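Working notes, beginning with the structure itself.
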Amino acid sequence: MTPPPLFLEGYRRFKRERYPDEAGRFAKLSRGQAPTALVISCSDSRVDPATIFSAAPGELFVVRNVAALVPPYEEAGGYHGTSAALEFAVSRLEVADVVILGHGLCGGDEAALAAAEDRPLGRFIEPWVGLLAPVRDQVMADQTLTSPEARQEALEHLGVRQSLANLAGFPFVEEALEAGTLRLHGAWFSIARAELHWLDEGRDSFEPLPG
């Protein structure tokens, strides 16, 4: 079966326009990877970490899932795709930085808010975005958030913070933090403004980075 035009034409452009300039890079990457950072971001098609950070192949180890969530650490049986990628990045690749990248207009956060109203979400979506329930309830109880847009953005920010807290619960992350070999960061990207906000721990707020 022939690939859809999006893939076939995109691949041809890559081989024609980009690969000639990066053939040496790909030859080097064929011998192994050594990214310095892990980015955990949303699956949303509008928020691509490599595009936002202008990263070349091999520079970022990326995990994408609905709402850019890190689940709490647990050793129970089951499938732990995000946790496995985190362990690989920290323990095997020894990345120096982990970034949780949330974003505006996030469908996962919107779904978490919808769950508070008992709206049907889907068999797999509902338990996944249910990880946001503690901070979602915090948002819903905040009387200063008077519009759906304000509540959603507040949840997007709190979701990043919750994932950062969950990260610290993984033993191998805790060990790397104590050894001073790993740093954790929170970020939020505005799709409408193409603007990146970084979590400033001192100010306890997401601050826009200079463009």
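The values are calculated or read from the model by the stated rules, or taken from the named source; none is laboratory data. Predicted model, so just to flag it, every value in this text is computed and none were measured. Cβ placement follows ideal geometry from the backbone for every residue including glycine, while neighbour counts extend to all protein chains displayed.
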Checking D97 against (1) under 15 Å from the mean Cα position of the chain (by Cα); (2) of a type in the set (D, E); (3) closer than 18 Å to C42 by Cβ: exactly one of these is not met. Which one? (3)
With (1) of a type outside the set (G, A, S); (2) surrounded by 12 or more Cβ atoms within 10 Å (Cβ to Cβ); (3) in a loop (DSSP other than H, G, I, E, B) as the list, and T146 as the residue in question, which single condition is left unmet? (2)
Inter-residue pairs, beta-carbon under 7 Å, first over 17 Å from Y79 (Cα atoms) and assigned to a helix (DSSP H, G or I) and in the range 112-133, second among the β-branched types (V, I, T) and modelled with pLDDT of 95 or more, 6+ apart: A112/V129; A115/V129
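Check the range 179-197 and report whether any residue there is part of a helix (DSSP H, G or I) and either assigned by TED's automatic domain parsing to the domain that holds T51 or out of contact with any Phe, Trp or Tyr (no Cβ under 7 Å at 6 or more places or on another chain) (or both). Explain how you work it out, then say what you get.
Taking the range 179-197 first, the residues part of a helix (DSSP H, G or I) are 179.
So of that shortlist, the ones also either assigned by TED's automatic domain parsing to the domain that holds T51 or out of contact with any Phe, Trp or Tyr (no Cβ under 7 Å at 6 or more places or on another chain) (or both) come out as 179.
The answer is yes; a qualifying residue exists.
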When (1) exposed (fewer than 12 other Cβ atoms within 10 Å of the Cβ); (2) at pLDDT 95 or above; (3) in a loop (DSSP other than H, G, I, E, B) are applied to A34, the one that fails is (1)
Qualifying residue in the range 85-93 (condition: under 13 Å from E153 (Cα atoms), in a helix (DSSP H, G or I) and without any contact (Cβ under 8 Å) to a residue 60 or more places away in the chain): no
Can you confirm whether the range 151-164 contains a residue that is part of a loop (DSSP other than H, G, I, E, B) and modelled with pLDDT of 95 or more? no
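Of all residues in the range 67-85, count the ones that are on the phi < 0 side of the Ramachandran plot and out of contact with any strand residue (DSSP E or B) (no Cβ under 7 Å at 6 or more places or on another chain). Let's see the steps before the verdict.
Step one: list which residues in the range 67-85 are on the phi < 0 side of the Ramachandran plot, which gives 69-77, 79-85.
Add one more test, that the residue is out of contact with any strand residue (DSSP E or B) (no Cβ under 7 Å at 6 or more places or on another chain), and what stays is 69, 71-77, 79-81, 83-84.
Qualifying residue count, the range 67-85: 13.
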When A76 is run through (1) over 12 Å from the mean Cα position of the chain (by Cα); (2) modelled with pLDDT of 95 or more, the failure sits at (2)
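With the requirement that a residue be touching a Lys or Arg at 6+ places or on another chain (Cβ under 9 Å) and crowded, with 17+ Cβ neighbours inside 10 Å, what does the range 49-74 give you? Spell out how you get there, then give the answer.
At the first step, the residues of the range 49-74 found to be touching a Lys or Arg at 6+ places or on another chain (Cβ under 9 Å) are 49, 56-58.
Across the range 49-74, the qualifying residue is only P49.
Would you confirm, using the coordinates I've provided, whether G186 is surrounded by fewer than 16 Cβ atoms within 10 Å (Cβ to Cβ) and under 22 Å from N65 (Cβ atoms)? Full working, then the answer.
On the way: surrounded by fewer than 16 Cβ atoms within 10 Å (Cβ to Cβ): no; under 22 Å from N65 (Cβ atoms): yes.
No; evaluated as a whole, the condition is false for this residue.
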